[in-house]
Structure formats: structure tokens, C-alpha cells
Amino acid sequence: MTTDQQSYLSIDGGKSELRLLVSTGGERQYGTGPGMSYRPGEDGVARILEAVRAAAGSVRLPARPAAAVAGLTGVPGEPEPRRRLAGALEEFLGCPVLLVEDSLLAHAGALAGPGTVVCAGTGTTVLAVGASGDSVKIDGWGPLLGDRGSAHAIGLAGLRAAAAAHDGAGAPTSLADRLVEEVGGTDLARLQQFYRDPALVARTAAFARVVLAAAEHDDVARAICDDAADSLATSAAAAVTRLPGAGRRVSCTGRLLTPGGLLYARLAANLSRHGLDLVAPLSTALEGGLILLRSEEPYRDLLRRLAPHEGGQA
């Protein structure tokens, strides 16, 4: 690294995986660490730090980076653990750290301006941002109360349909052929192991790929995917209704919503019925973190509004 090139760090932490980007001039380094599902009796700070350290272990961290941003699905909502996390990250990374929710990184990367982004990974968050920095968030309720249209919702619906078909109480589906493999067995001991798995949310979300693949030829799987696309489009439309200044543009992030894929096509059709246009993301959430650090509009005003609630500084 030359002395006249500043380095910036961008961290995107989801429920299934944490990714880290080191940007120095035109050079990019990428690292990955474990995801961050909620666990009873903890605030998540220690596991977030562990995930960041794991991701940093596969890159060459600069000695004196200019700044870092961490967009985390598990960012602490309470002030004290949030401050503790920001301080620990600043000590580890050696620079000021801006802490935000991961959907803000995704928005900046996908649109770099006004519009609405559907973040459909393990969970679901829809974020609309207007030209003046006003914002509206839809969903983000987690797997019990929301995450409508998410990988977890699709995977759970697929596993339930498979179990019902296995019992002869539901419509026949090829998903039933994968039930024993995914759960580990149908006896009591295997089911108990399945429910005790601390990675159960991510494990359930992973079954969404099985459902999407089956949807090409399976009516039950196709109906699950149609419901998911409808849920995502409905949430996006609700965001635009609440914030008309966001405009018609809608983009998306998440491995399930790849352009040309079945779920992407269904989402585009559903959005069109709401008068909204689905556009391909400009770049990744990690690149979006760099946009936030540059304080580009409309994110400068948005971050100013969030300042009393966000930890760290940029």
C-alpha cells in the first residue's frame, strides 16, 4: 500500500454470513466470517466481533485505515451494547466506525440514490429512501413476526409442505423426497437434534434453494415462490405508498433474487402490477458501504437523521 492511498473498510453482516471489503485505491480484498442469528441471553456483541475477526483473518488489514462502516442485521438496538460494539470495532480495526443496519448498505450499493430496495436474504427488509434523505423501512421483523418472502419463509414453507406430504395430509410434492435428508430423520431423536441446532434459522433458509429448483416442475414449490414474490412486492408497494418521494425505482439484493431467476421474474411482474419498475442493482452492499463513507446524497442527510441512534462515527 502506498502512503498516498487511503484504505476504507466495509462490512456487511447478515444472518448466514458476514463479508468484509478492504478498499485501497483500485485494490479490493474480500474476507468472510460466520453469520449472526439471535441467540437467547446475549446481545450479540461478542459473536459479531468474532465474525469480523474471522473475516479479517483472510485479508491484509491496513495499519491505519481512514474509516470503516459496518452494516449488520444483528446490530444492537440498545445504546449501551451498540456503543460497546462500536468501541470494540474501532479498537480492532484502528479507525472510526459507522454502525448501521445492513439494509442501508444494500440500498446504497443497489441504487446509490432515491428508490426502494428489497433485501431478501435469510430475512427480509425493504428500505425506501427519498431524494431529501427521508426513509421508510418495511418488515425486518425477524423469522417469527415477519421476514415475508425471505429465504427463511420460503424454506420453512417448503419443509412444512414436505412434512405434510410425508404424512399424507398435504398435496404431493417432490420436496418430500428431501425431507429426511434435510431434517436428518423422522424419529424423535433426530427431530430433537434438528430443533436444538443453533443454526436452525440459517439451515431452514438454505432449503429455499431446494424449493426454487423444484418450482420449475413442482406445483407446490411454484406456489410457495409465487407467494414469496407477492409478499416482497406488497412490502415494496407499501414502502412507496408511505414515501412517494422514493419514486418508482425498485431494486433488490440477496442470492435468491438474481436477474433471470424465477423469483426475480415473479417479483418484476408483481411490482409492475403496483406501477413499480424493478431495476438490476448497480453494485454490491459492500460497495454501498463505501458510498456511505463518502457521505454521498441522499445518504448524507439520512445518516444525519440517524446520528442520535447510530453508534460510532465516520
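Quick notes on this one:
- Label corresponding to volume of the Cα convex hull per residue in Å³ when calculated from the structure given, among (1) 175; (2) 119; (3) 132: (3)
- R0 of 22 Å, Cβ-Cβ distance A206-A265: FRET efficiency to nearest 0.05: 0.50
- Environment charge at L278 (Cβ cut-off 15 Å; Lys +1, Arg +1, Asp -1, Glu -1): +2
- Within region 113-281, percent of DSSP bridges classed antiparallel, to nearest 5: 65
- Taking the DSSP beta bridges with both ends in the chain, the antiparallel portion is around 65 percent.
- Relative contact order computed over the chain (Cα-Cα under 8 Å; 6+ residues apart), in percent: 22
- Taking every alpha-carbon pair under 8 Å whose residues sit at least 6 apart, region 137-253 reaches a relative contact order of 31 percent.
- Mean Kyte hydropathy of -0.5 or more with a Cα span along the axis of at least 18 Å, helices from DSSP in the chain: 151-167, 219-242
A short reminder: the numbers here are calculations on the coordinates, not readings from a lab. Owing to the predicted nature of the structure, the values given are computational and were not obtained by experimental measurement. Quick reminder, even Gly has a Cβ in these numbers, built from the backbone with ideal geometry, and neighbours come from all protein chains shown.
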